[in-house]
Amino acid sequence: MEKTLVITPDLLGPNLESTIEKKLIESVEGEVSGKHGYIISILTIAPGWKKSGKIKDTSGDVLFTLSYRALLFKPYKNEVLLAVVHRVEPDGIYCLVGPMEIFLSQKQLPAEFSFDDSAGVNAYISEDRRDEIKPNTDLRVKIIGLSLETDRMSVVGVINEDYLGIV
């Protein structure tokens with residue numbers, strides 16, 4: 001992967017390598033790339049980036065083009081993941097898998113579950129009241145819809161199929 005960083009003249013000096021590394025981490029870690037998914041962590045920066053520096057005439061800023069390797073998280077349609085319930089609403093459930101939020105529509109839940117907020121906590125409870133989906137519940141979720149955009153990811157999941165649901 002590649003990224004061009006602008007370094008102001010006051011940051012040029014003996015600590016340039018650590019400055020570049022910090023700026024790269026701040027600018028890309030945690031971001032979503034439509035092509036690559038979530039950028040979790042920078043692993044390595046390719047050597048030779050110092051030679052790529054180009055000085056801007058008007059400001060004295062230096063542009064460095066960096067090639068780097070990163071740890072990525074890119075989910076796929078029909079992938080099954082373990083998720084933690086983050087929020088429960090009447091229209092569905094919001095789960096987290098690492099940095100990614102998955103929405104489970106009420107229609108994608110097993111038919112025997114219904115919304116209940118009588119206990120003061122929003123939850124989906126089964127008809128026999130033995131199973132409850134509330135915040136911090138672990139679920140096995142299958143991704144049925146995925147939209148990777150340039151700066152965000154929209155994911156829709158399902159738990160009303162075999163081997164999915166409460167773990």
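Which ones in the stretch 53-71 are surrounded by 15 or more Cβ atoms within 10 Å (Cβ to Cβ) and within 21 Å of Glu29 (Cβ to Cβ)?
Phe64, Leu66, Tyr68, Ala70
Need the failing condition index for Leu43 against (1) in a strand (DSSP E or B); (2) open to solvent by 30 Å² or more (accessible area, probe 1.4 Å); (3) farther than 29 Å from Gly13 by Cα, just the number.
(3)
Identify, please: which residue in the stretch 92-134 is of a type in the set (Gly, Ala, Ser) and at negative phi and is, among those, surrounded by the fewest Cβ atoms within 10 Å (Cβ to Cβ)?
Ser118
Which of the strands (runs of 3 or more DSSP E) found entirely inside the stretch 66-167 contain at least 2 residues meeting this: more than 22 Å from the chain's Cα centre (by Cα)?
113-116, 123-126
Filter the stretch 1-33 for residues that are of a type in the set (D, E, K, R) and within 21 Å of Leu71 (Cα to Cα) and give the result.
Glu2, Lys3, Glu17, Glu21, Lys22, Lys23, Glu26, Glu29, Glu31 - these are the residues of the stretch 1-33 that are of a type in the set (D, E, K, R) and within 21 Å of Leu71 (Cα to Cα).
Could you tell me how many of the residues in the stretch 72-81 are of a type outside the set (Asp, Glu) and open to solvent by 50 Å² or more (accessible area, probe 1.4 Å)?
So the count comes out to 6.
Of the numbered conditions (1) touching a Cys at 6+ places or on another chain (Cβ under 7 Å); (2) under 18 Å from Tyr76 (Cβ atoms), Gly98 fails exactly one; give the number of that condition.
Result: Gly98 passes all but (1).
The values are calculated or read from the model by the stated rules, or taken from the named source; none is laboratory data. All of these numbers come straight from a predicted model, not from anything done at the bench. Neighbour counts run over all protein chains shown; Cβ positions are idealised from the backbone, glycine included. Note: areas computed on protein heavy atoms with side chains; ligands, DNA, RNA excluded. Shrake-Rupley method; radii C 1.70, N 1.55, O 1.52, S 1.80 Å.
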